[in-house]
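Here is the structure we will look at, set down as structure tokens.
The values are calculated or read from the model by the stated rules, or taken from the named source; none is laboratory data. Only a predicted model underlies this, so the values are computations on that prediction, with no experimental measurement involved. In this analysis, Cβ positions are derived from the backbone assuming ideal geometry, glycine residues included, and neighbour counts consider all displayed protein chains. Note: areas computed on protein heavy atoms with side chains; ligands, DNA, RNA excluded. Shrake-Rupley method; radii C 1.70, N 1.55, O 1.52, S 1.80 Å.
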Amino acid sequence: MLLDRLVKLLLPKEDTFFAQLTAVGRCAARGADCFARLADAPPDQFETIAAELRAIEHEGDQLAHALYDDLDQSFVTPIDREDLHDLTSALDDVLDQMEECAGFIVIYRLGKLTPAMQAMIRLARDAAVEVGDCVALLGDPKRHEELQRKFVRVHELENQGDELYRAEVGRLFGDGLDPIELIREKEVLDALEASIDACDTVCDRIRSVVVKNS
């Protein structure tokens, strides 16, 4: 019957949205692997890597918008509609922040990355990979204990990033740098910190969903 077919369209299987979220999370992790290449790349490769990351970020946007579209057309969702939207947006922010940071590195023509910047890039990559795993685990209640361990790991990475950020900003304002150079490095450090913080925000969203639905 037409009504039955309509109901099936409006009431998709529960795993549909979890699969879409997982795809967004995996895209973020792939972007993070690309982003991490900046840590060891010579400056003449920065622009190429940034362009590759930009393409992955656009792919992430498309995946997120497809999920939003399906959300708008569905009456019933496996978790709260607003939570799904916020979680997808937070995942998208991870890629956005890394892409913005790579853009700053190119725009400001940094001759090299400081050891602290390199370390923060690697932290952002590790945190984003953990986040991708967290999203994949969300739809499996039997593995929520593993999920909790990953929350702790991402928070540890975020704390390490904060420590590096504070120490490096202190160095910037204590070394008597040229004001223009100070601004360039500070902008990149701010973007790096935001990239790591974005991963912690995703974990906060996932934790809220787990608590609400347990």
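Using only Cα atoms, tell me the angle between helix 46-72 and the longest principal axis of the chain; keep it within 0 to 90° and round to the nearest 10. Roughly 20 degrees, rounded to the nearest 10.
Counting only alpha carbon atoms, the long axis of helix 81-107 and the longest principal axis of the chain meet at about 20°.
Largest GNM mean-square fluctuation across 180, 196, 105, computed for the chain with C-alpha springs under 10 Å, falls on 180. Label sites at residue 149 and residue 173, each approximated as a point 7 angstrom past Cα along Cα to Cβ, lie 4.0 nm apart. In units of the rule-of-thumb radius 2.2 N^0.38 Å, segment 135-214 shows an alpha carbon radius of gyration of 1.49. Between 0 and 90 degrees, the angle of helix 15-36 with respect to the longest Cα principal axis of the chain falls at about 10 degrees. For segment 146-214, with all protein chains in place and a probe radius of 1.4 Å, 52% of the accessible heavy-atom surface sits on carbon or sulfur.
Of the residues 91, 63, 110, the one that moves most in a GNM of the chain with alpha-carbon contacts below 10 Å is 110. Per residue, the convex hull spanned by the alpha carbons of the chain comes to 113 Å³. Listed by chain and number, the aspartates and glutamates whose C-alpha is less than 19 Å from the C-alpha of residue 142, apart from same-chain residues fewer than 8 away, are 14, 15, 130, 133. Between 121, 79, 49, the residue with the greatest mean-square fluctuation in the GNM of the chain (Cα pairs under 10 Å linked by springs) is 79.
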